[in-house]
Amino acid sequence: MADQLFDKIAIVGLGLIGSSIARGVKERGLAREVVGYDLAPEVRSRAKELGICDEIAESADTAVVDADLVIVAVPVGATEAAMKAIAHGLAEGAIVTEVGSVKAAVIRQVLAVLPELAVFVPGHPIAGTEHSGPDAGFAELFDGRWCILTPCERSTGASVEKVAALWRALGSAVETMTPEHHDIVLAITSHIPHLIAFNIVGTAADVEDVTQSEVIKFSAGGFRDFTRIAASDPVMWRDVFLHNKDAVLEMLGRFSEDLAALQRMIRWEDGAALEELFTRTRAIRRSIIEAGQDTEEPDFGRPHSHDD
Ligand code: NAP
């Protein structure tokens, strides 16, 4: 067991991320008490059945009473409403943090509604799966991953350090950066790749002379890996694109230019240029494996009982 870092942690939103934090905190003894709340009654009763918190509150403001740390883990578009809902219950000096995949727009919304008595440390764990809900969470989700903190005008040095200590205790390495920089970095490393996956899976579904059954049958040719990403939570991703609009559109502009260059290479049969690009991209995959961010196993370590 690690050292206890907080007395009472309240977690608002008990989906994949919130329930994983709750499990990790309880398993490692990082707080004396973990109280959870979710807007959805069925999620609250499921969280009770699963026993992922010490207590499940019936309202957001009662959940956060006397909590020294409040973690809001709801979709980006619901963060402002969740912050308003906890406002009356917050204790003097409480640290409020959140885990949204977009930072600048969320911070602007939170600063407008969070009472002065609380401090605010925005964060984003770079960890997740394509599943959502309280059953999808697990205590090791953050192990060996990064968590980015983007301090703002309502963060104090001590509060940033306490939130960083929690993420480290959950197994993550912590980096701090500005919210704007976070949004650009994540646009290219996460948001655009998801957009490409949503797009290609949508296109495949619409191609008239390829049947649905062929798309499924021959999916191992690369398509299957896109379908995993494209199965991600629709509400979460709708909110990410609506809230990180500027950075996504800027990166999408660059992406489109590069795609046009690739189109030209194919049209002009410029094999050398294609090979040069694919050699560079293969090297990037190698660096990701060397950094311990993915497995070296062929086909992501999927079991192969026969060749597909
Ligand atoms: P999730 O599994 O869908 O869970 C979110 C939960 O929050 C749902 O149970 C939802 O209930 C509830 N909720 C919505 N509005 C609420 C409110 N006002 N008050 C209390 N609960 C509310 O989503 P998640 O994957 O955990 O994502 C949560 C946050 O983490 C998002 O901001 C996302 O950007 C961020 N994040 C996600 C990942 C990932 O890979 N999934 C990774 C890093 C960060 P309903 O279902 O009824 O709406």
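Restricting the first residue to segment 33-46 and requiring it to be on the phi > 0 side of the Ramachandran plot, which pairs with a second residue that is hydrophobic (A, V, I, L, M, F, W, C) and part of a strand (DSSP E or B) meet a Cβ separation below 6 Å and a spacing of at least six or different chains?
none
Can you name the condition, by its number, that A247 falls short on among (1) under 22 Å from T129 (Cβ atoms); (2) among the small types (G, A, S); (3) surrounded by 14 or more Cβ atoms within 10 Å (Cβ to Cβ); (4) away from the ligand (no atom under 12 Å from the Cβ)?
(1)
Test D225 against the stated conditions and say whether it is at pLDDT 95 or above, in a helix (DSSP H, G or I), outside the structural domain of K103 (by TED's automatic domain parsing) and acidic (D, E).
No.
Can you find a residue that is within 11 Å of the ligand (Cβ to nearest atom), surrounded by fewer than 16 Cβ atoms within 10 Å (Cβ to Cβ), at pLDDT 95 or above and within 20 Å of S132 (Cβ to Cβ) anywhere in segment 46-54?
From segment 46-54, those within 11 Å of the ligand (Cβ to nearest atom) are 46-47; that's our starting set.
Checking the rest, the ones that are also surrounded by fewer than 16 Cβ atoms within 10 Å (Cβ to Cβ) come to none.
Within segment 46-54, none of the residues are within 11 Å of the ligand (Cβ to nearest atom), surrounded by fewer than 16 Cβ atoms within 10 Å (Cβ to Cβ), at pLDDT 95 or above and within 20 Å of S132 (Cβ to Cβ).
Need the failing condition index for S232 against (1) part of a helix (DSSP H, G or I); (2) crowded, with 16+ Cβ neighbours inside 10 Å, just the number.
(1)
Within segment 88-97, identify whether any single residue is within 12 Å of the ligand (Cβ to nearest atom) and among the charged types (D, E, K, R), and answer yes or no.
So the first thing to find is which residues in segment 88-97 are within 12 Å of the ligand (Cβ to nearest atom), and the list is 97.
Restricting the remaining residues to those that are among the charged types (D, E, K, R) gives none.
The answer is no; no qualifying residue exists.
Evaluate segment 113-130: report whether one residue or more is within 15 Å of the ligand (Cβ to nearest atom), of a type in the set (A, V, I, L, M, F, W, C) and under 20 Å from E27 (Cα atoms).
yes
The values are calculated or read from the model by the stated rules, or taken from the named source; none is laboratory data. Here the structure is a predicted model, which means the values were calculated and not measured. Glycine gets a Cβ as well: all are built from the backbone with ideal geometry, and neighbour counts include every protein chain shown.
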